[in-house]
Amino acid sequence: MIDYENGIKNIGNTARLKEVFERAERGEALTIAFLGGSITQGSLASRPELCYAARVFKWWEETFPKAKFTYINAGIGATDSQFGCARAAEDVLSFKPDVISVEYAVNDENSPHYMETFEGVVRKLLGAENAPAVYTFYNVCYDTGLSAEEIHSKIAEYYGLPAFSIKSTIYPLLTSGEVKNRDITPDDLHPNDKGHEMVASVITYGLEKIRSGGAPGNLPAPITANAYEDSVRYRNQNANIISCEGWTADDTKQEHITDIFKNGWTATEKGAKISFKVKGTCIGVQYRRTVQLPAPVAIARVDGEVKAKLDANFDETWGDKLCLDTLLDHGKGGEHIVEIEITEAPESSKLPFYLVSVISSGNPGPLYLKPSFAHTIWGGTRLREEFGYEEQGDDIGECWGISAHPSGESTVRSGAYAGKKLSELWEEHPELFGNINADAEAKGRYDRFPLLIKIIDAKADLSIQVHPDDEYARKNENGSLGKTECWYILDCDDDSTLVIGHNAKDKGELEDMIDGGRWNEFIREIPVRKGDFIQIDPGTVHAIKGGIMLLETQQNSDITYRVYDYDRLQNGKPRQLHVKQSKDVITVPAKSASESVKNFAQTLENTVTEMYSCKYYAVSKVNVNGKLELENNAPFLCLSVISGEGILGGSEIKKGDHILLPAGYGNVPLEGHMELVVSTVPGPMDN
Ligand code: ZN
């Protein structure tokens, strides 16, 4: 007797399945797809309609006689979930299935790699636009009891995937001797007709059970590095071929999903070479291993380095195999050149070498950030009214758009890292930042995300202040960083001014002026206009005055010494001043004002204009009016849209958006009518 209850490993989140059940009751048209390996394909069932997938499909038809069902069997023998990631879009999702069964438990192994590739395919299926119901089940090797159930079940539990186990239902009948192996499987792997029937019964029991109970939920952030969800498979219709000598594209039509050796390339001569350009951190290559010996051998290089020997000789009897070899696993992001070269071509080879596809994945997309806000006595309402931020109150002083500072962190709005704080990403995913924080201690830098981007709305004057440099802050502020900052004036009144620098000739005069409260003599106030850029080195006395909105790019630090606060009161008390520290750090005499200010209101259209670069940051203004491709090889790029709207690589962006482009994103395609302030850390990626 099959212990069916025991087969329900995870009831999961049944919301999507229940919705499908309701639609089926109403008699709608529904598509049921099955993705997996040879067992799904129906191997060793005597007729296709006797395989488990067809039997489960029949359960749907019989359970909901009013509905109209379409059957998609996307099983391919001897293929794993790594390939599943790459072909799911074309072989399954293109049919817009309402229900998807996914099984890879005997073709994947119990390893972190297959946990990741299985997560990739699960996310891809769950994340499909039409929100299909997805469930999985775990086949088993009937002699050894081996399967990838252990690692697959972690993914199933995490995503609330209903999951059913053959190891917990049918396998015990074999170990107890109640059923003989050969009665249900000729090779201890593929079920025969009877075996397929039993497998189907485990699944349909689970589906029946799910018609009661369950709760809805969203797709959570991934638990693995999740570099396979965005897999793209390149065949001769879509590959970016750089050079080709001695290879022929196979253009014959692929008739069926299992017609797997099509639309690739063939070669017969030793020395034949083909090279492709792909993007990503993970790269795989697919080729045919054939039982018709002897067969040719090739090598695969990535960026000139040999990564794999692709031996087409297959010493088996069951048929030709579609082999997927990994060439790069969580390597450096960005563009790579993949080259395949034939190294052995025996004259007696019956078949050419068949290169089926190159697969790449792990291309990080833009990270859209959700800012945090600071309410201040000098703040206003323009951040809500003009920038569209959903923040209440009439004292919103600062929007911390791109921030990993504990006083106000940005979090990722959507995608694989949704909900993550920027500081968490920095710690957990150094690859997103070009690994510049590797060896941070030894280099004494990049021990935290280095930049902080704010938009400031000063309805009233800010206090007159000064920031320390790194050395002073490290000694006196618990190892904090100093603060070098710069401002880009987004908007201001016609007669606006800023405080920048002071008029004291030497240290003695500085102390006299501060101690005597001779503020009018001490501070240097200069007129400013929209588009002005002002660099503020540590030690520079400065203050933003009322009527100004600006974007600030600064070191990731919040150390401010207040010199003078106009004798204002907050909650009935004056705010704390830091007179001693201010006197310590103020530079005497001050740099001339004209050295610090430059106007960038009018920059060339569709051009990147660098406004300033120092050891902490490089800040540019980007003026988009039409189309522009921003060259980018930086470890990461901070983008803030300061006016207008447009498109970034296919997604709409608008004034007020803050975006972090991770390492390997490559050049940035921008389109529309908008202005951006863009910043990164200076220097090449490997500094
Ligand atoms: Zn400041």
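Observations
- Taking the DSSP bridge list for the chain and keeping only pairs wholly inside it, about 85 percent are antiparallel.
- Projected onto their three principal axes, the Cα atoms of region 335-434 cover extents of 85, 26, 19 Å, largest first.
- In the context of the full protein assembly, GLU25 retains an accessible surface of approximately 100 Å², using a probe radius of 1.4 Å and ignoring ligands and nucleic acids.
- 5 angstrom amide H check on GLU409, placed H, neighbours 5+ away: none
- When its C-alpha radius of gyration is set against 2.2 N^0.38 Å (N residues), region 437-502 gives a value of 1.48.
- Once the Cβ-Cβ distance of LYS598 and ASN667 is raised to the sixth power relative to R0 = 25 Å, the FRET efficiency obtained is 0.40.
- Length available on full extension from ILE337 to GLU424: 0.36 nm per residue minus the Cα-Cα distance, which gives 28.1 nm.
- At R0 = 25 Å, FRET efficiency that the Cβ-Cβ distance of VAL291 and ASP188 yields, to 0.05: 0.75
- One compactness figure for region 367-599 is 1.05, namely its Cα radius of gyration divided by 2.2 N^0.38 Å.
- Stretching LYS66 away from PHE95 to a fully extended chain increases their span by 8.3 nm, per 0.36 nm per residue minus the current alpha-carbon distance.
- Size of charge dipole - the chain - debye, nearest 20, with Cβ of Lys, Arg +1 and Asp, Glu -1, no other charges: 540
- Scaled to the globular estimate 2.2 N^0.38 Å, the Cα spread of region 4-209, given as radius of gyration, is 0.94.
- Computed [θ] at 222 nm, helices only, for the chain once each DSSP H run of length n ≥ 4 contributes -39500 (n - 2.57): -5500 deg cm²/dmol
- Per residue, in Å², the accessible surface of region 232-361 once ligands and nucleic acids are set aside, probe 1.4 Å: 46
- Annotation: per residue accessible area for region 22-69 equals 46 Å², rounded to a whole number [probe 1.4 Å, protein chains only].
- Across LYS615/LYS654; LYS124/LYS279; LYS279/LYS615; LYS277/LYS615; LYS154/LYS307, pairs whose alpha-carbon gap is larger than 23 Å: LYS615/LYS654; LYS279/LYS615; LYS277/LYS615; LYS154/LYS307
- Looking at the chain, the pairs of alpha carbons with a distance over 50 Å make up 30% of the total.
- Heavy-atom accessible area order for HIS673, HIS658, largest first, 1.4 Å probe: HIS673, HIS658
- Over region 587-687, equivalent-ellipsoid semi-axes from the Cα gyration tensor in Å: 25, 18, 11
- The trypsin sites (Lys or Arg not before Pro) of region 1-66 meeting both criteria, a DSSP state outside H, G, I, E and B (loop) and at most 14 other C-beta atoms within 10 angstrom of the site's C-beta, are ARG26, LYS66.
- Within-9-Å neighbourhood charge of LEU628 [Cβ basis; K, R +1; D, E -1]: -2
- Going by accessible surface with a 1.4 Å probe and the largest first, VAL20, VAL232 read VAL232, VAL20.
- Solvent exposure, largest accessible area first (probe 1.4 Å, DNA, RNA and ligands not counted), of SER46, SER111: SER46, SER111
- Low-density loop positions, trypsin sites (Lys or Arg not before Pro), region 155-204 - DSSP coil, at most 12 other Cβ in 10 Å: LYS180
- Within the accessible area of the chain (1.4 Å probe), percent carbon and sulfur: 47
- When Rg and the Kirkwood radius Rh are both evaluated on Cα atoms of region 495-647, their ratio Rg/Rh stands at 1.03.
- Annotation: lysines with alpha-carbon distance below 21 angstrom to LYS58 (same-chain offsets under eight excluded): LYS18, LYS66, LYS68, LYS96, LYS194, LYS209.
- Accessible surface area normalised per residue over region 367-599 is 44 Å², counting heavy atoms of protein chains with a 1.4 Å rolling probe.
The values are calculated or read from the model by the stated rules, or taken from the named source; none is laboratory data. As the structure is a prediction and not an experimental result, all values here were calculated from the model. Heads up, the Cβs are rebuilt from the backbone with ideal geometry, glycines too, and the neighbour counts pull from every protein chain shown. When the accessible area is computed, the model is the full protein with side chains, heavy atoms only, and any ligands, DNA or RNA have been set aside. Shrake-Rupley method; radii C 1.70, N 1.55, O 1.52, S 1.80 Å.
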